[in-house]
Structures are given as structure tokens and as C-alpha cells.
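The structure under discussion appears below in the form of C-alpha cells.
Every number in this text was worked out from the coordinates using simple rules, so none of it is lab data. None of the values given here were measured: they were computed from a predicted structure. Cβ placement follows ideal geometry from the backbone for every residue including glycine, while neighbour counts extend to all protein chains displayed.
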Number of protein chains: 2
Amino acid sequence: MRIEIICTGDEVLTGKIINTNFSYMAQKLEDFGLSVSWGTIVGDDREELLAAFRLSGERADAVIVNGGLGPTIDDLSQEIAALAAGVQLVLNEDWLQRMEDFFRRRNRVMSANNRKQAMLPTTAEILDNPIGTACGFAMDIGRARFFFTPGVPRELFRMLEEQIIPRLLARGGTPGVIHLKRFHSYGLGESHVDQLLSGVEELVPGGSIKLGFRTHYPQIETKLTIRGIDQDDIARKLAPVEAEVRKRLGNFILGEDEQKLEGVVLDALAARSGSLAVVETFTGGQIAARIAHLPGAEKVFRRGLVARDPAEIANALGLDGGLISGELSRVDFGGSIHLAIAAPDGVESRRSRIYGGRDWVRLGAVELGLDCLRRYLQGLPVTERTDFERV
Amino acid sequence: MRIEIICTGDEVLTGKIINTNFSYMAQKLEDFGLSVSWGTIVGDDREELLAAFRLSGERADAVIVNGGLGPTIDDLSQEIAALAAGVQLVLNEDWLQRMEDFFRRRNRVMSANNRKQAMLPTTAEILDNPIGTACGFAMDIGRARFFFTPGVPRELFRMLEEQIIPRLLARGGTPGVIHLKRFHSYGLGESHVDQLLSGVEELVPGGSIKLGFRTHYPQIETKLTIRGIDQDDIARKLAPVEAEVRKRLGNFILGEDEQKLEGVVLDALAARSGSLAVVETFTGGQIAARIAHLPGAEKVFRRGLVARDPAEIANALGLDGGLISGELSRVDFGGSIHLAIAAPDGVESRRSRIYGGRDWVRLGAVELGLDCLRRYLQGLPVTERTDFERV
């Protein structure tokens, strides 16, 4: 099945907003084993939109159009969809009623131009949008099934998952269900993770498990997409592979699925009724800024201290200024990072030289600091070498 | 002149990387009065690339292609460009020499597959890339002039500014020079700024000044694009308009051009040999994290303190715990923000209720804190109401 995406709107075409909706959609489809073949970006312009709809309608089996469903005059998707398919626009009484209810529940008055959002091509099938006034819809243009979606990210995301992906999977004849399993790691480069996991897909014969990666430095996300007949089949296929991934990536796995490093650290501290204080110099408060605001941190995060001058830190902590100054005065040079974890049962410390420019090193230092804390709390070695360090 | 952009590469098409190159290019072109009519995203696939080059070659006057100039087998731009134009690929000895020099200067050995990067269509005009091995080039395909650029952002940015925009301006017959003047503000919504600046373009007759905005909450960037015969002409046209913008946006302007809020605050403190200490609770260290790491902050930023528990703050500051607790215990509810600036000559304070969800309120609180500090240091009122607050 050939899938195309058309992103519409002057704000996207002029680069005023970065097109994160496109990458979100492409990634989400990929998670369900569906791949995008072509992307098009056009502005709020009748001729360009018509040309884009016609071209994709000739080439593709399915087309997702994003944006242009709003109430203002530059929102043209319904009008051009009707034109491209050679059908009329009619007022959809059901959607009008939905919108009126939507505004009533919020004690707001619906303005006259919202009525435009209920004007749909006669052949349109409604795609529900439970959290907004833009009406999603599906219809045929040329030889393709088109899915029209709102530009507001959270409305798009929900419609894509709940309405569009099930329809695409049904059209593509994909049997059963698909599951996405994710592992987050810090300290290994993408090619290293790839090499460590070589062959894990083959643990389950038949190609029903696909391995993929997404890098957002300094973390790498390892993704397993599993196809199965039902959830039991998925669980049976996934079990040996996820066990193998955990074994091979080992201590470098900082979390799975929705977990985040700072959340893992916070939970580990909360579980032992622990508390945390952070002292930062080179990282300038960025470790505290990752963790102190989290829900639940009020019970755990005791105090953060940030200072650039080693004497200031020594003074605040009541330490010997000369000693600490000698150590810390070198941290700003050559990407050398010093970190220490002091706990009731002792002190762990680590010195590390991270590759990259100053901002890159700082990014790495924040992650290294949080990850060493995670390792410490999980009883793992804090000094295991990462791929981002010089020897 | 009709301009199109084609972004190539599986990583972009699958959404693995967010397509920031597209928005960068579109914005940069807009800054020079050039607008993009159509964007295409295709993967590393011979058929799709050929179709994309042919379609754009029929529709556009100029096409910028991004990506696919690397040394690996999935880098196909030169090959498909030659195919689309019906010409051969030949080894460009000059570029081969450039690459060999490039590696020699870095004491690295050029690998055999880099040679592929010097294979160019016979009709290609080289676009210099002084900071990489990917050779940019321009050539005709269909009725359009194509500009092939590297996917590495910093190489693309430089080639776009130094090589491509001058050629596009020459082709478009745009006379003289173009200048971009930017103002950064905090506290006014985009439609409010738009309304306040209504008519400023007309201060210079002849349409040679264009007004635009870019919102990255909580800041708004106001952009003036000025066309002129030469720099003197630009300066003469800009003077009355920039004076008017400064007058109308007034205290809300936090910086111009390359200035950033945290840099303005730091510079204002440095100029008076001042120092800064920051105490944060709801913002969890995010104010310190914006400023403490900046070059020059080591002379100014004295200490940051982060705590979630009001008693902890009272304790650290040697204040009356009961008093501060009564005030601070309410900050987490209803988006209510309390901030105070204590200086040798007195104390200023502000209470504010910011619209939005918890994370949005925190983003606003960080900005409000820094901007009040900027206002204080510049002798402006810190309590002026913003558009983002409830009354």
C-alpha cells in the first residue's frame, strides 16, 4: 500500500512553524508497520492544493492531509477536496450539533464562521475529533482514499491513532495486531547498539519482529515492532527478544516504553523514601531543572545549588575551599567532567572527558550525571565507560 | 519566480529526524523576499527521486534539493540529477583535489567511497562547500535551475547564504540589497503585536519594507525585511520604521537581532559590575539553567538555590519559615506566580496568574522572571501587565 502525506498551511510552507506533525505521523505509521512514500508541503492556496490532491490521488492508495479544517477563510481543505473529487459541499447537521454541544459545554458562544467547519463533501465519511471543532473526514479522490486531519497536534495525534491507523491496517490487509516495544539507553552510539543487537530479530522466525532506532543525543531509543494474531501471540513472540535486548544492552538501558531517565531516578529515590540534593557548576542548574519540577519531586528533591565559582560552592557546603578549587578549576577545559554521589553508605565518583563542543559536552554532562545517579540507585557500576568519552 | 524545495532521505521521510532544514531554508529565503511555493519529501529511492526532480523541473523556476550528496550507496542525488537531465556523470578533478586537501589538513585518510562525492553531472556548476566534503552544484533540469545542497545543517546554511541566495536574487531580477531587522518581545501576543504595529510598513512608501512575525512562546519575533539600492538606502528607509517599532512595542522589546533575553540580563549586570543569585521553587532551577552556563556568567552568577519545600528555602535563606511558607504554599495552584527582585536599593515584587497548563505556566514563569529582571536592570516598570496573564 502506497501512503502519502500532504501538509498544508502557509505557516508550514514558509517555515514559520517546524513541521513536527509530518515526522510524528511518519513515525507513528512506521510503528504500525506502515511506511510513507512521499510527502508534500503546500500553502493555503486553491491552485496548489488542487494540484497536490490530484497528484497524490493518482499516485497513492492512501493519503493523509494535515491542516486546513479550521473556521477561517484560509482553511480550504473541504472546499478543495470536494472540487478534486467533483462533488458538492453540504452542511453536515450531525457535526454542527456536535460543535454546538462542544461550545455549550465550555460555556462559550459558537461564532458564525465555525459553521464552515461542518460543511463537508457529500461523499465524506466522518473521522471523529472528540477534543476539537475541526471535523476529520475520509473520502476518495482519484484512486486513493484521503484522510483529512486537523493541524492542532493533539487532535491530529488522537485521530491518527483512533481513526486512521485502524482503517489503513484494514485496507492494507494486515492481519492481527501490532505492538511497539521501546528501550531507552544512554552511553552507547547508534551503530554500537545496532551491532550489539545484531540478529535479535531472527530469534522469532517469520519476520514478525522489526528492529529500529531513533537517536536523540545523548539517548538512543531502540524500537521493536511486533506483528501478531492477538496480544497473546505478541507477548509470546516478544518475550525472548526483549529478554535478549535487556541482556545485550544491560546496564545501559535506563528505561523502557514511557519511562524517562529523570522519572526513573525520582521513582528509585521515592521507593526508598530517599531525598536528593544537587550541587552543580559546569551544568549550571540543568540537572536540577530536569528533576525538581516533576510531580512527586516535592517529596524527594531537597535542595539544588548552582555556582560557577568553586570558592562559592566550598563556602555554601562548608568545605575546604583550596581543595575543591584545585579540583573544580579544571572542569571547564577539555570537556573534563567530574561528578560525585554522596550517600549515607559512602561516596562514588567519576571523572570523564566527553567528546564535542562546549554545549554538546554540557548536554552529555547533564545526562551522565543523571545516569550515574540511576546506576547508583539500581546498584550498578557508575564508572562503566560510554561511547561518548575519550579514553 | 516559483521556488520549490525537495528534501531527500529515508531519515526525513520516516520522521526519524524532524525536517528543520526545510523550515530553515523557507525562513531564510523569506528573509530575502523569496517565497517557497511547494515542498516535497522523498526517500533514498531512485524512482521517487526521479519523479520528484521531473515534476519540480516542469513546475518551478528554481528548485533547492537537500541531502543525498554523501559518500554512501544510499546517496543518490548526483546520479538521479544526471538521469533527469539526460547527461553523464564525470569525475570532477578539482573537487577530488579539494577533498584530498580537506582530509590531509585533518590528518585523516580519505576512504575510497568519498571519491563518489566528486562524480558530478557534466553540466553541473559547483557550489562551494568550504566546511565539508559534499560538493554542492547547480544545473538545469526541465525548465528549472536546480541547486543541490548537503544534508548537514551547517554546510547547508552556509551554502544557502553564500552561494544560492545571491544566484536566486540575480535570477529573480531583484535590484540592490535586502536587510532583515529583528525585534524580540515578551508579554504581547502575536495578534496584539500585529495590531500595535498596524501601518508601520507605510512609513516608507513603495512597498520596500515588509512586516512579519514568528512566535516561539513565550517570545514573539517581529521581522522587518527591507529592500534597497545599497546599505545607505536601507539605513535611511529603516531608521523611521525601527524608531516607530521601538516606540510602539516600548518596554516589551527585550532585545534586537542576535540578542537573547538571558544575554541582555547578563550584559546589564556585567556593565554595572553586578552579581546575581537566584532562588527558585516552582521553576525548579530553570531560570538558573538559562543563565549560569553562559560565557561571562562566571563573573556575574553567584549562586542558584532550588527547593520545592518553602521551609527549605526559608532555612537556606535564614528567613522566618512561617511567613514564607504561607506565601509560597499557594504558588503551585491556579498558575499563580510570585516573584521578587532584591537589590541594594530596595525590593520589587510581582504576583501574576498565567494562562495555561502546568508546563505552559512554568515556561511563562521562567520568562516572566528573566524579563522582570531585565526590566528592573533597565529602569523599566516590572509590573506592566502581559497578554498571558489573567486579570
> What is the order of B:ASP371, B:ASP75, fewest Cβ neighbours within 10 Å to most?
Replying inline: B:ASP75, B:ASP371
> Add -39500 (n - 2.57) for each DSSP H run of 4 or more in chain B, then divide by its residues: what number comes out at 222 nm, to the nearest 500 deg cm²/dmol?
Replying inline: -11000 deg cm²/dmol
> Of A:PHE301, A:ASN129, A:GLY228, which is farthest along the charge dipole of chain A in the positive direction, counting Lys and Arg as +1 and Asp and Glu as -1 at C-beta?
Replying inline: A:PHE301
>> Can you compute the charge dipole magnitude of region A:3-171 about its Cα centre, using +1 on each Lys and Arg Cβ and -1 on each Asp and Glu Cβ, nothing else charged? Give it in debye, rounded to the nearest 20.
In response: 360 debye
>> At a 10 angstrom cut-off on C-beta neighbours, averaged per residue, how do the peptides B:280-289, B:126-135, A:141-150 rank from highest to lowest?
In response: B:280-289, A:141-150, B:126-135
> What's the center-to-center distance, using Cα atoms, between region B:151-170 and region A:164-206 in Å?
Replying inline: 38 Å
> Quick one: label points 7 angstrom along Cα→Cβ at B:GLY189, distances to the other copies in nm, smallest first?
Replying inline: 4.9
> What percent does the relative contact order of region B:181-321 come to when contacts are Cα pairs within less than 8 Å and at least six residues apart?
Replying inline: 21 percent
> Which distances, shortest first and in nm, link A:ARG54 to the matching position in the other copies, using label points set 7 Å out along Cα to C-beta?
Replying inline: 1.8
> Can you list the HN-Hα couplings for region A:10-23, worked out from phi with the Karplus curve (6.51, -1.76, 1.60; θ = phi - 60°), rounded to whole Hz and with x for Gly and Pro?
Replying inline: 4, 5, 6, 5, 7, x, 4, 10, 6, 7, 6, 4, 4, 5
> Restricting the count to DSSP beta bridges whose residues both fall in region B:261-390, what percent are antiparallel, rounded to a multiple of 5?
Replying inline: 65 percent
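To the nearest 0.05, what FRET efficiency results for B:GLU201 and A:GLU47 with a Förster distance of 35 Å applied to their C-beta separation?
Result of the calculation: an efficiency of 0.85.
If each residue's Cβ is checked for other Cβ atoms within 10 Å, how do A:GLU367, A:GLU93, A:GLU298 rank with the fewest at the top? Write out the running numbers ahead of the final one.
Details: A:GLU367 24, A:GLU93 9, A:GLU298 14.
The order, fewest Cβ neighbours first, is A:GLU93, A:GLU298, A:GLU367.
Taking every residue in A:18-26, how many Cβ atoms of other protein chains lie within 10 Å of its Cβ, on average? Intermediate results must be reported in sequence, preceding the final value.
Values: counts 8, 10, 5, 1, 9, 11, 2, 1, 7.
That average works out to 6.
Please give the net charge around A:GLY33, taking every other residue with its beta carbon less than 10 angstrom from that of A:GLY33, where Lys and Arg add +1 and Asp and Glu add -1. Provide the component values of the computation, followed by the final result.
Values: positive: A:LYS210, A:ARG227; negative: A:GLU30, A:ASP31.
So the surrounding residues net to 0.
Relative contact order of chain B, please, whole-number percent, based on alpha carbon pairs below 8 angstrom and at least 6 residues apart.
Values: 627 pairs, mean separation 43.4, N = 391.
Relative contact order of chain B: 11 percent.
Using a 10 Å cut-off around each Cβ of peptide A:275-282, what is the average number of partner chain Cβ atoms that fall inside?
Values: counts 0, 0, 3, 2, 0, 7, 3, 2.
Mean number of neighbouring Cβ atoms from other chains: 2.
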> Over chain B, what is the percentage of antiparallel beta bridges among all DSSP beta bridges, to the nearest 5?
Replying inline: 65 percent
> Rounded, prolate or oblate: which one fits the protein assembly as shown, using the alpha carbon gyration tensor with axes a ≥ b ≥ c (rounded when a/c is under 1.5, else prolate when a/b beats b/c, else oblate)?
Replying inline: rounded
>> Among B:GLY296, B:GLY228, B:GLY206, which one shows the highest mean-square fluctuation when chain B is modelled as a Gaussian network with alpha-carbon springs under 10 Å?
In response: B:GLY206
>> I need the inter-copy label distances for A:ALA239: point set 7 Å along Cα to C-beta, values in nm with one decimal, smallest first.
In response: 8.2
> For chain B, modelled as a GNM with alpha-carbon contacts under 10 angstrom, which of B:LEU373, B:LEU180, B:LEU363 fluctuates the most?
Replying inline: B:LEU363
> How far apart, in nm, are two points set 7 Å out from the Cα along the Cα-to-Cβ line at A:ILE341 and at B:THR122?
Replying inline: 6.6 nm
> How high is the relative contact order of region A:177-256, in percent, counting Cα pairs under 8 Å that sit 6 or more residues apart?
Replying inline: 46 percent
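Taking every DSSP beta bridge that has both residues in the protein assembly as shown, what percent is antiparallel when rounded to the nearest 5? Show your work: numbers first, answer last.
Values: 89 of 131 bridges.
Of those bridges, close to 70 percent are antiparallel.
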> To the nearest 0.05, how large is the calculated FRET efficiency for A:LYS260 and B:SER273 if R₀ is 56 Å and r is the Cβ-Cβ distance?
Replying inline: 0.85
>> If I build a Gaussian network model for chain A, linking alpha-carbon pairs within less than 10 angstrom, which residue out of A:ASP232, A:ASP345, A:ASP267 has the largest mean-square fluctuation?
In response: A:ASP345
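Of the listed pairs B:LYS260/B:LYS299; A:LYS181/B:LYS16; A:LYS260/B:LYS28; B:LYS181/B:LYS247; A:LYS16/B:LYS299, which have alpha-carbon separations greater than 25 Å here?
On the way: B:LYS260/B:LYS299 19 Å; A:LYS181/B:LYS16 16 Å; A:LYS260/B:LYS28 35 Å; B:LYS181/B:LYS247 15 Å; A:LYS16/B:LYS299 37 Å.
Those over the limit are A:LYS260/B:LYS28; A:LYS16/B:LYS299.
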> Cα centroid distance between region A:22-83 and region A:351-391, in Å?
Replying inline: 43 Å
>> Taking a ≥ b ≥ c as the square roots of the Cα gyration tensor eigenvalues, with a/c under 1.5 meaning rounded and otherwise prolate when a/b beats b/c, else oblate, which class fits chain A?
In response: prolate
> Can you give the mean number of other chain Cβ atoms that lie within 10 Å of the Cβ atoms in peptide B:215-222?
Replying inline: 1
>> How big is the dipole moment of region A:177-256 about its Cα centre under a simple scheme where the beta carbon of each Lys and Arg is +1, that of each Asp and Glu is -1, and everything else is neutral? Debye, nearest 20, please.
In response: 80 debye
> Which value, in debye to the nearest 20, gives the size of the charge dipole of the protein assembly as shown about its Cα centre, when Lys and Arg are +1 and Asp and Glu are -1 at the Cβ?
Replying inline: 960 debye
> Hey, what do the phi angles of region B:87-100 turn into as Karplus ³J(HN,Hα) couplings, whole Hz, using 6.51/-1.76/1.60 and θ = phi - 60°, x for Gly and Pro?
Replying inline: 10, 8, 9, 10, 6, 8, 5, 4, 6, 4, 4, 4, 5, 4
